1. Treat the count of other C-beta atoms within 10 Å as a stand-in for reagent exposure and order 191, 267 from fewest to most.
2. Enter the Cα centre distance for the pair region 185-224 and region 93-138, rounded to the nearest angstrom.
3. Check every DSSP H run in the chain and write down those whose alpha carbon atoms cover 15 angstrom or more along the long axis and whose mean Kyte-Doolittle hydropathy is 1.0 or greater.
4. What percent do you get for the relative contact order of region 132-256 when only Cα pairs under 8 Å and 6+ apart count?
5. Tell me which aspartates and glutamates have Cα within less than 16 Å of residue 303's Cα, excluding those fewer than 8 residues away on the same chain?
6. Indicate, rounded to the nearest 5 percent, the antiparallel portion of the DSSP beta bridges found entirely in the chain.
7. Would you mind checking which residues have amide H under 5 Å from residue 49's amide H? H placed 1.01 Å from N; only 5 or more apart, or other chain.
8. Enter the mean projected area of the convex hull around the alpha-carbon atoms of the chain, in nm², rounded to one decimal.
Amino acid sequence: MVTCSFCGRKAVYINPLNGISYCKLHFNSYLEKRVRKTIRRYNMFQSKEHIVVAVSGGKDSMGLLHVLNKLSKGNPDWALTAILVDEGISGYRDNTIANLKKYAQENNIEYKIVSFKEYIGLTLDEIVDRGRNLNLPYLPCSYCGVFRRYVLNKAARDVGGTVLATAHNLDDVVQTFLMNIISNSWEKIARLKPVAEKGSHPNFVPRVKPFFEILEKESAVYALLNGLIQPDYQQCPYARFNIRFTIRKIINDLEEKYPGTKYGMLRSLERILSIMERSQFKSGNEFKTCEVCGEPSSHPVCKACLYRYELGLMSPEEEARVKRAIDNNPYLKKFIVNSNSSL
Ligand code: SF4
């Protein structure tokens, strides 16, 4: 039996990089200490904060909620609200919604469940069907990512959140880093910082990633050890269309053959971000205000409104505003692919 390097109890996790083994107690304290260190290093929270945690009900976000709930006990001026966005994917969210409700009720945490149906007008399943019928070339994850960010920002603002904590872990970050290298998207790499700039737009709730330096494997062990999820994890039915899952496999294979690959990629990203900052590289994160919905946007019309336009989900007044914006900014046309569009 492998025993804990600190107390001799049964080990539940061995760090492959340095061989240190941890029992449940010492693993919890190792992970929570690392998260606290990340929070301090990047100055994620102030002494008075209303932290909104973006929760999916899965391992990473439930783990993050658990850690922040523990931390909030020592910070009386912190308020905590969990927000879950139900995308409307048939049969996919039922367990995770029940999971969040149970945890939040048992731990006395405020929570809110919002949905694409409520904010966008259709479920993701309906959006995907409609997009296919209109011959739009977008993948389900493209709609999902754009609309989820849009809904989360609005919902976080609606509950009075001052900061939005997302559960992106180290694996998510390095996968996105590699995906953006492949697509030569350096503006998106510049936005991979663990803290999104505060005060960049009055309607933007600043985002932080406290699990930035936590491996996905560690996050899964933490969630299971603390009874935060059921072991019967269910994958989203649209996941197979996403390039991320191929990238994930490639990086996991590399990590297995060459332990330390993921940390190496993270350190490279940090170095690139610091070079970009010094050279004042423009991330495109200088928000404008969407001329249709008023939300923060990198372009005169935000991506969510462009999708809504192409999907035919706008009122005539909103459509007129999109057309006006495109007349004034013809380069916006490159974001519109709907051949049925009258533009
Ligand atoms: Fe959304 Fe794609 Fe994730 Fe499914 S796999 S929840 S569609 S981003």
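1. Listed from fewest to most nearby Cβ atoms, that is 267, 191.
2. 21
3. Values: long enough: 24-41 (25 Å, -1.31); 59-73 (22 Å, -0.17); 94-106 (18 Å, -1.18); 140-158 (26 Å, -0.33); 170-182 (18 Å, 1.15); 243-257 (22 Å, -0.46); 261-278 (26 Å, -0.23); 316-328 (18 Å, -1.52).
Helices meeting the span and hydropathy rule in the chain are 170-182.
4. This gives 33 percent for region 132-256.
5. 187, 286, 291, 295, 318, 319
6. 25
7. 78, 79
8. Details: hull surface 74.1 nm².
Directional mean of the projected Cα hull area for the chain stands at 18.5 nm².
FYI, it's all coordinate maths here, none of it is from the lab. A quick note: this is a predicted structure, and the numbers were derived from the prediction, not measured. Neighbour counts run over all protein chains shown; Cβ positions are idealised from the backbone, glycine included.
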